[in-house]
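Inspection log for the structure reproduced underneath, given as structure tokens.
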Amino acid sequence: MNTTAVVFPFDNFGAAGTGAGAQLLGDAVREILEDTAAEDLPTRPHLYAESLRVEEHPFETLDQLAAWRATGREAVKRLLAAGDRILWLAGNHLGVLPVYEELGPGTLVIQLDAHLDCYDLHDCTEDLSHGNFLLHAEGPLPKIVNVGNRDLFLLPEDVKRVFSASFPAEVIAADFAKVVADLRKRATKAARVWIDIDVDVFDPAFAPAVHNPSPFGLAPPIVLALLGAIWSDKVVGVSVSEFDPGRDARDATLNVLGWLIERILLKWYE
């Protein structure tokens, strides 16, 4: 089975600068392929090197920007129809909206995110943005389970309008085993699974390169354990968004994400 890493550096309507993060992660994938090709002896990445390709969608002209949503949906639809696994490297989280719209209600999305992107509070724009894009989806959304949010504002009824379930960071801290068991059960029942990682789900001590860092986030080993709990052949795609390299400290975030992307690729092939 083939895997396509889609570099989708859209970062309008919030978190400008994250487009460069998507491109940098795309370069990291290309570097993996180049390093693997240079090795004479077998290595673990040789398992996927011949099946992995990188597809990049630039947003350098007004026409490209105007068509961003249609471009994204076309790419997701085409790759899913071809049976490809998808590594979706977006700019801001809004760049994952076309994925949500194409997955539809038959898919379970495990969303790792510090924020519940359905905000309509007094200081939020009503227009489409990376903080409210789940309220602007065209067509029915997939079943979304948020993991790791640190929201202190939204009422339970507001969350239930969009999310099938929500496991805030404090719930994870209080009973991690129970959360893992629930996620594993949901993933087992789902026809297919998509994992959506907004980088701000990590604690800023480990991944500072985000626009809206929030304390009490998840440590990388916790994220790794969560991925292990829900992983199976049903995982058709993984998205990563909201990485702004201009805000990084000694490449801390880049190192976390680079390692995690390599591990995800191996999970698909080992």
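The values are calculated or read from the model by the stated rules, or taken from the named source; none is laboratory data. Here the structure is a predicted model, which means the values were calculated and not measured. A quick note on method: Cβ atoms are made from the backbone with ideal geometry, for glycine too, and the neighbour counts reach across all protein chains shown.
Here the helices (runs of 4 or more DSSP H) wholly within the range 1-91 that include at least 2 residues being surrounded by 14 or more Cβ atoms within 10 Å (Cβ to Cβ) are 18-38, 46-49, 68-82.
Scanning the range 231-270 for residues that are in contact (Cβ under 8 Å) with a residue 12 or more places away in the chain, over 19 Å from PHE206 (Cα atoms) and among the acidic types (Asp, Glu) yields one hit, GLU270. Among the residues of the range 218-233, the ones that are outside any helix (DSSP H, G or I) and surrounded by fewer than 16 Cβ atoms within 10 Å (Cβ to Cβ) come to 3 in all.
Out of curiosity, is PRO45 more than 26 Å from ASP158 (Cα to Cα) and either in contact (Cβ under 8 Å) with a residue 60 or more places away in the chain or touching a His at 6+ places or on another chain (Cβ under 7 Å) (or both)? Yes, satisfied.
Scanning the range 231-270 for residues that are over 20 Å from GLY26 (Cβ atoms), out of contact with any Ser or Thr (no Cβ under 9 Å at 6 or more places or on another chain) and not charged (D, E, K, R) yields TRP231, VAL235, ALA249. The test for being farther than 21 Å from ILE264 by Cα, modelled with pLDDT of 95 or more and in contact with a helix residue (DSSP H, G or I) (Cβ under 6 Å, 6 or more places away or on another chain) holds for GLU102.
Within the range 3-24, not a single residue is free of Cβ contacts under 8 Å to residues at least 40 places away in the same chain and charged (D, E, K, R).
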